[in-house]
Amino acid sequence: MRPVLRSVVALPVLGLLAVGLCPGAALAATADTSTTTSPTGSTGTVSNPFCSPALFRAAQQRAAQALVSRVTQLEALSALVEAPSSHLSPSDQSTLAHDITAVELPGIEALQPEVQQATTCPQVRQDAHAMVYDYRVYLVMTPQTHETIVADRESFAAGRLSALEPTVQSAIAWARAHGRNVTDAESAFGDMQARVSSATSALAGVAATVLAQTPTGYPGNAAVFLSARTDETNARNDLRSAFDDLAAIAKDIGVRGAGTAGSTTTTAS
Amino acid sequence: MTASHDEGGAMAHRVRRTASVASMALVAGLLAACGTTPAAARHVVRPPTTAAYPAQGAAPSSTDPLESPAAQQAVADVQSSLGAVDSGLAQVDTDLSRPQADS
């Protein structure tokens, strides 16, 4: 097989473009490729050479595989959403669970028999178009789920750190009362409070904004996901710093307290 | 010094050592999460808990508040959450770098 011809046929065998996984090809789903009329109207050229009758089975199989992959992906996302360790807020968990298991999954699964029963390229292409454009499993549902989980996990961590602040304050006071120099600990505590506050601000509205995105909003909403990632990264950095502060406080109190505690216990025993 | 006093002192010493090791492990874990080397962490000693002074009958209020089970649980929660956030953000990076053709 000549190289050029082989390269032309290789992709169709994969069926990638044939079944509309590429949006450009998917747009052609409405074209009837059983004719020899090209999108430009000229004749004598197959409108989409990637789904000819000879390649129909390969295209059909590729579409079926793509659907199976999406079912697997959605099931994985569903498992993440249901996992308690995701620390999703009840409302966010409910929204994601509904979108995944009541909209996306049944929608993709409904396309599976349709693809299996298709007998023409246009039918396969139409199903592939729906698979991509109606559900956007990889480009919307997936980042939407992951980003929401990250945002809620960060909110959970920020909440835990915030709840610890009175305890840390008490610990510093406790150390001071035991004769320790807590200057550094107090400074670290101030930074810890500021970092937690900054992280909380960065996360405000992120999950809600991400959850509001829909498959039909793509590619316009790609910028929303990028912006959310930036906010989440900033929040993560703040939370890391806050946790570092907490460790520094514990270390500071511990190191300075060791000598005092040791002399005290030596006397006591 | 009586024999029973020596015995009590030895027991208190053992208890203090156990408490000290446990406290060091706590802080070592805390610092490890922040990138501090274990070697550095070994030099850190937490203030003793009331368990270190059973013979004195120290009141719980004299315990370092950060030693409380609730505080330790909160620290562990934050630590595990931050680890999960890191892996979650890595996953998001993968999601957002996915080619459009693979939609």
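Just so it is clear, none of the values below were taken in a lab; they were calculated from the coordinates. Note that the structure is predicted; figures quoted are calculated from it, not measured. Neighbour counts run over all protein chains shown; Cβ positions are idealised from the backbone, glycine included.
Work out, in µm²/s and without decimals, the Stokes-Einstein translational diffusion coefficient of region A:150-204 at 10 °C, 1.306 mPa s, Rh from Kirkwood over C-alpha pairs.
It diffuses with D of about 132 µm²/s by this estimate.
Residues with beta-carbon under 11 Å from that of A:T200, excluding A:T200: net charge, scoring Lys, Arg +1 and Asp, Glu -1?
-1
Just checking the output field for A:150-157: average partner chain Cβ neighbours within 10 Å of each residue's Cβ?
Average per residue, whole number: 5.
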